[in-house]
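The values are calculated or read from the model by the stated rules, or taken from the named source; none is laboratory data. Values in this document were obtained by computation on a predicted structure and should not be read as measured data. Every residue, glycine among them, receives a Cβ derived from its backbone with ideal geometry; neighbour counts consider all protein chains shown. For accessibility, only protein heavy atoms count, side chains too; no ligands or nucleic acids. Shrake-Rupley method; radii C 1.70, N 1.55, O 1.52, S 1.80 Å.
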Amino acid sequence: MILAIDSAIATAVAIVTADGEVLAECPSADTRGHAEAVGRLIAEALERSGVPAAAITAVAAGMGPGAFTGLRVGIAAARAFAIGRGIPVISLPSHDAIALDRGLDVPLVVLTDVRRREFAWTAFSGLDADGLPVTVAGPSLAPADDLDAALADHAGTARVLATAVPAGALGRIAARRIAVGAGSSALEPLYLRAPDAIPSAGPKRVTA
């Protein structure tokens, strides 16, 4: 059993079988209250699915792209659950879950609003032989006013502006990756922009 957690936009949690069946999916519409929602949604997903925490054998964590504050909540929750159970974390791009959920019978560009008048985007060409999304470009960041220019190489490709990441699809991708031995445990969030915080240059000089 796989516990899937994503907080790239709002918070979403799902329980998915090793065969890719979604037993429970619990999303939140709040794009800011990640810390308040994630624990409740994990408990709710476990209860709805009828799966005890002891039966979870892997955790799928959405790596973004997304804002720093929201992403780190979901990743921390995934890591904490996995450490507590002694099970692996499978890290996955959140855009892959959106693409799989929307269908990839034709090339697709997934867009998400990452605030500050910027969009994160990833271009997909379809599914590979294992049923996994094939990325051809991205994820990358583009200002809203320059989005068409940034996507010039993908002119004519269908675009989807996603307002949520489906945790069920994230879990399905994790199940497929585990099945083919292609899971990744590298928890490197896809922030795509430099952090706002700047390291201190040292204590300020105090003068009389």
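A few points about this structure:
- Yes/no for Thr69 being surrounded by fewer than 18 Cβ atoms within 10 Å (Cβ to Cβ), more than 14 Å from the chain's Cα centre (by Cα) and among the β-branched types (Val, Ile, Thr): no
- Within the stretch 1-27, residues that are closer than 26 Å to Thr69 by Cα sit with their Cβ atoms under 7 Å from residues that are of a type in the set (D, E, K, R) and open to solvent by less than 10 Å² (accessible area, probe 1.4 Å), at 6+ positions apart or across chains, in these pairs: Ala12/Asp6.
- Of the residues contained in the stretch 4-14, none is found to be farther than 21 Å from Leu187 by Cα and of a type outside the set (Gly, Ala, Ser).
- The condition of being modelled with pLDDT under 95, of a type outside the set (Phe, Trp, Tyr) and out of contact with any helix residue (DSSP H, G or I) (no Cβ under 7 Å at 6 or more places or on another chain) holds for only one of Arg72, Arg117, that being Arg72.
- Scope the stretch 86-118; condition closer than 17 Å to Ala158 by Cβ and open to solvent by 40 Å² or more (accessible area, probe 1.4 Å); matching residues: Asp101, Arg102, Asp105, Val106, Pro107
- Qualifying positions in the stretch 21-65 - open to solvent by less than 10 Å² (accessible area, probe 1.4 Å) and on the phi > 0 side of the Ramachandran plot: Gly64
- Every residue from the stretch 119-135 that is open to solvent by less than 60 Å² (accessible area, probe 1.4 Å), closer than 17 Å to Ala97 by Cβ and among the hydrophobic types (A, V, I, L, M, F, W, C): Ala120, Trp121, Ala123, Phe124, Leu132, Val134
- The residue that is modelled with the lowest pLDDT, counting only those in the stretch 178-196 that are among the aliphatic types (A, V, I, L, M) and surrounded by fewer than 11 Cβ atoms within 10 Å (Cβ to Cβ), is Ala194.
- The single condition among (1) modelled with pLDDT of 95 or more; (2) within 30 Å of Ala58 (Cα to Cα); (3) surrounded by fewer than 18 Cβ atoms within 10 Å (Cβ to Cβ) that Ala149 does not meet is (2).
- Residue within the stretch 4-20 that is surrounded by fewer than 24 Cβ atoms within 10 Å (Cβ to Cβ), under 23 Å from Arg115 (Cβ atoms) and of a type in the set (Gly, Ala, Ser) present: yes
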